[in-house]
Each structure stands twice: as C-alpha cells, then as structure tokens.
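S.K.: Take this structure, written in structure tokens, and hold onto it; I'll ask about it next.
The values are calculated or read from the model by the stated rules, or taken from the named source; none is laboratory data. The shown structure was predicted, so the numbers you read here are calculated from the model rather than taken from an experiment. Because the Cβ atoms are built from the backbone with ideal geometry, glycine has one as well, and the counts that use them run over all protein chains shown.
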Amino acid sequence: MAPPFTADAVAVITGGASGIGFALAEKCKGYGMRVVIADRDGDALEAAAKTLGDGVTPFKMDVAQKEDWEALKTTVQQNLLALNAGIGPKSSWGDASTFQSIFDVNLMGVVNGIAAFLPLVEQTASSGSPSSIIITGSKQGITNPPGNPAYNASKAAVKSIAEHLSWDLRDKSISVHLLVPGWTFTGMTGNAANASTAKPDGAWWPDQVIEYLEQKIQEGQFWVICPDNDVTEALDKKRMTWTAGDMVQGRQPLSRWREESKDEAKALIDAMEL
C-alpha cells in the first residue's frame, strides 16, 4: 500500500502542538499535505500553528471529550489520522482519580478518535486515496516496568486496540501502525516549552522518531518500535522476549526488576540471540 504522505492529502494529528505530534505535522507539511493539529494546550497550539505556517489548521480540543471529536469531525476529512495525544503523570494505588485521568486521555482519546473518524477514513480509502491510522503507544505498555501502573496499563490497552483495529481493517485500503517511541526528548519527558534543559545524549529528537516512522510505514510495518541512542532494536527485542517469557516460563511477573532475579535476567538478556 502506498504511504499516505502525498501532496494535498489531509492529516489530523492529536497532541500536535509539541513533541512527536509536532514533528509529524512538520513531516506532513513538508510533503505538501494539509494538516490539522489538535491539542488541549491553547497557547502551545497557537505557537505551533504560527511556526508551521500556511496549510496548518489548529484545533483546540480535549481528546477525552466526545463532543470535541464531533466538532472536529465536521471540519475535516482526512487520509492520515494520528492518535498521538497522551499524558503521563505518576500514579499510585491510593489515587484512583489519576488512573481515571490517564485512561481518559491515553485510552479513551484513542477510542473516541477511532469512533469519530473511522467512517471518514474508510470513505477516503474507498475512493482510492491511501489512508493510514497511526496510534502512539509506549514500551511501558509492552514491558511494563515498575513505577507507573496507570500509564503502563493505559498503553497496554492502546496496544491491544491497535492490534485489533489492524485486524478489522485487514481487507480495506487502510494501514494501521502502532508507533512506540524510544526515549524521546519531548514535552512529556523534559522538553517543555521554554525549558532550558539540554537533551540527554541517550534520547532521540522527535523528528528522528518521525523519520523512523516513515521508514516503517513505507515497509508496510504495523510495529514501529523505535530505538534511541541508548537502546538498540536488538536490545528492545530481547527485553520484549524476556517479558513474554515470564508468563510462558512461569516466572514471577516483572522478573527483570526483582532483586532475586534481576542479575540473572540481565545476563540472559545480554546473551540472548534472536
């Protein structure tokens, strides 16, 4: 299937005012696409639209709110739908409200976007125009490291939804891609607007993530699991294989981080051949 990066095609990108979403908007605009960037941060949205210039339409919305999706749907018909908006505050077992807010954005933002726009994407695709849906996941939704159960669970659910959506659209001219960034220097990870923090050497810039995404879309890949300057593609595969092995081998969950097994896990992961 031809990639959707074609002149005059239309892209809708949530979380488009900064980070990976903004970099994707730049990529699309560079191809001569018409771009709608949606975000709930009005100031960042205005600044992003000004930076991107002509051909980019800002749209202030909260992806957790169905009525905002309905309002967006009336303004555009698109070839590329990028469900990228996400939040990552720390969660704890005694704070159900943080679980709810994370799931509202990270999970329901994706569900609401699919519910609102899938008929339009299908209509565009049926006319012979290449169409794609990009959903942003997280490695934390795959390997599930300790520290933020609500975020991990929300991204694990997003992974499941993306897989199912890909299956349901298998016979239609719509490609589905799960974008799983590595360590990326974005607003969520320290590169907030006007921040003076320098990018760590191990992190990628958002535009590197988008270059990798474009490559994988051209290859027809559903899985877009990005490396970074610290973690290679091979190491990612080994870590994911180990995580799946906890269940298959009957180990305790999250064995990579347990005191009694973490040294053994690291040694075996390092020695693993795939």
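S.K.: Of these, GLY16, GLY30, which one is under 17 Å from GLU214 (Cβ atoms) and surrounded by fewer than 20 Cβ atoms within 10 Å (Cβ to Cβ)?
M.R.: Values: GLY16 fails: surrounded by fewer than 20 Cβ atoms within 10 Å (Cβ to Cβ).
None of the other options fit; the residue is GLY30.
S.K.: Just give me the residues in the range 125-145 being not in a helix (DSSP H, G or I) and not polar (S, T, N, Q), in sequence order. Break it down into steps so the answer makes sense when it comes.
M.R.: Our first condition is that a residue be not in a helix (DSSP H, G or I); within the range 125-145, this holds for 127-139, 144-145.
Within the range 125-145, GLY128, PRO130, ILE133, ILE134, ILE135, GLY137, LYS139, PRO145 qualify.
S.K.: Test each condition in (1) over 24 Å from the mean Cα position of the chain (by Cα); (2) closer than 28 Å to ILE102 by Cα; (3) surrounded by 13 or more Cβ atoms within 10 Å (Cβ to Cβ) for PRO253 and report the one that comes out false.
M.R.: (3)
S.K.: For TRP167, all conditions in the list (1) within 15 Å of the chain's Cα centre (by Cα); (2) free of Cβ contacts under 8 Å to residues at least 24 places away in the same chain; (3) farther than 28 Å from PRO253 by Cα hold save one; what is the number of the exception?
M.R.: Answer for TRP167: the failing condition is (1).
S.K.: With respect to GLY141, determine if the residue is more than 25 Å from GLU67 (Cβ to Cβ), within 13 Å of the chain's Cα centre (by Cα) and at pLDDT 95 or above. Talk me through it step by step, then tell me what you get.
M.R.: Numbers: more than 25 Å from GLU67 (Cβ to Cβ): yes; within 13 Å of the chain's Cα centre (by Cα): yes; at pLDDT 95 or above: yes.
So GLY141 fits the description; yes.
S.K.: Moving on. Determine if the range 236-244 includes at least one residue that is over 27 Å from ASP201 (Cβ atoms), part of a helix (DSSP H, G or I), over 26 Å from the mean Cα position of the chain (by Cα) and modelled with pLDDT of 95 or more.
M.R.: no
S.K.: What are the residues in the range 216-234 that are part of a helix (DSSP H, G or I) and either farther than 25 Å from SER166 by Cβ or among the β-branched types (Val, Ile, Thr) (or both), if any?
M.R.: ILE217 - this is the single residue of the range 216-234 that is part of a helix (DSSP H, G or I) and either farther than 25 Å from SER166 by Cβ or among the β-branched types (Val, Ile, Thr) (or both).
S.K.: Separate question: Taking GLY220 as the residue in question, decide whether it is in the same structural domain as LEU81 (by TED's automatic domain parsing) and farther than 14 Å from VAL180 by Cα. Full working, then the answer.
M.R.: Numbers: in the same structural domain as LEU81 (by TED's automatic domain parsing): yes; farther than 14 Å from VAL180 by Cα: yes.
For GLY220, the condition - in the same structural domain as LEU81 (by TED's automatic domain parsing) and farther than 14 Å from VAL180 by Cα - is met.
S.K.: Within the range 161-197, track down each residue that is modelled with pLDDT of 90 or more and of a type in the set (Ser, Thr, Tyr). Write out each step before concluding.
M.R.: Quick first cut of the range 161-197, residues modelled with pLDDT of 90 or more only: 161-185.
SER166, SER173, SER175, THR184 - these are the residues of the range 161-197 that are modelled with pLDDT of 90 or more and of a type in the set (Ser, Thr, Tyr).
S.K.: Still on this structure: For the range 62-86, how many residues are among the aliphatic types (A, V, I, L, M) and over 14 Å from ILE135 (Cα atoms)? Before the answer, list the steps.
M.R.: Here is the first cut: in the range 62-86, the residues among the aliphatic types (A, V, I, L, M) are 63-64, 71-72, 76, 80-83, 85.
With over 14 Å from ILE135 (Cα atoms) added as a condition, the list becomes 64, 71-72, 76.
Count: 4.
S.K.: Next up: Among the candidates TRP223, TRP204, single out the residue that is modelled with pLDDT of 95 or more and more than 14 Å from ILE135 (Cα to Cα).
M.R.: Details: TRP223 fails: more than 14 Å from ILE135 (Cα to Cα).
Only one candidate passes the filter, namely TRP204.
S.K.: Now, a different point. List every residue pair whose Cβ atoms sit under 6 Å apart, with the two residues 6 or more apart in sequence or on different chains, where the first one lies in the range 24-47 and is free of Cβ contacts under 8 Å to residues at least 12 places away in the same chain and assigned by TED's automatic domain parsing to the domain that holds THR14 and the second, anywhere, is assigned to a loop (DSSP other than H, G, I, E, B) and surrounded by fewer than 20 Cβ atoms within 10 Å (Cβ to Cβ).
M.R.: Between residues of the range 24-47 that are free of Cβ contacts under 8 Å to residues at least 12 places away in the same chain and assigned by TED's automatic domain parsing to the domain that holds THR14 and residues that are assigned to a loop (DSSP other than H, G, I, E, B) and surrounded by fewer than 20 Cβ atoms within 10 Å (Cβ to Cβ), there is no close pair.
S.K.: Inspect all residues belonging to the range 78-85 and state whether any of them is hydrophobic (A, V, I, L, M, F, W, C) and surrounded by fewer than 18 Cβ atoms within 10 Å (Cβ to Cβ). Reasoning before the result, please.
M.R.: Applying the first criterion (hydrophobic (A, V, I, L, M, F, W, C)) to the range 78-85 yields 80-83, 85.
After this cut, where a residue has to be surrounded by fewer than 18 Cβ atoms within 10 Å (Cβ to Cβ) as well, the list is none.
Scanning the range 78-85, I find no residue that is hydrophobic (A, V, I, L, M, F, W, C) and surrounded by fewer than 18 Cβ atoms within 10 Å (Cβ to Cβ), so the answer is no.
S.K.: Has the range 96-107 got any residue that is among the small types (Gly, Ala, Ser), modelled with pLDDT of 95 or more and either within 25 Å of ALA203 (Cα to Cα) or not assigned by TED's automatic domain parsing to the domain that holds ILE161 (or both)? Full working, then the answer.
M.R.: Keep residues of the range 96-107 that are among the small types (Gly, Ala, Ser), which gives 96-97, 101.
Restricting the remaining residues to those that are modelled with pLDDT of 95 or more gives 96-97, 101.
If we keep only those that are either within 25 Å of ALA203 (Cα to Cα) or not assigned by TED's automatic domain parsing to the domain that holds ILE161 (or both) too, we end up with none.
Within the range 96-107, not a single residue is among the small types (Gly, Ala, Ser), modelled with pLDDT of 95 or more and either within 25 Å of ALA203 (Cα to Cα) or not assigned by TED's automatic domain parsing to the domain that holds ILE161 (or both).
S.K.: Something else about it: Testing ALA265 on (1) surrounded by 14 or more Cβ atoms within 10 Å (Cβ to Cβ); (2) closer than 12 Å to GLY182 by Cα, one condition comes back false. Which one is that?
M.R.: In the conditions (1) surrounded by 14 or more Cβ atoms within 10 Å (Cβ to Cβ); (2) closer than 12 Å to GLY182 by Cα, ALA265 misses (2) alone.
S.K.: Residue under question is VAL231, and the condition is that it be over 30 Å from PRO130 (Cα atoms) and within 19 Å of the chain's Cα centre (by Cα); does it hold? Write out each step before concluding.
M.R.: Working: over 30 Å from PRO130 (Cα atoms): yes; within 19 Å of the chain's Cα centre (by Cα): yes.
In short, yes.
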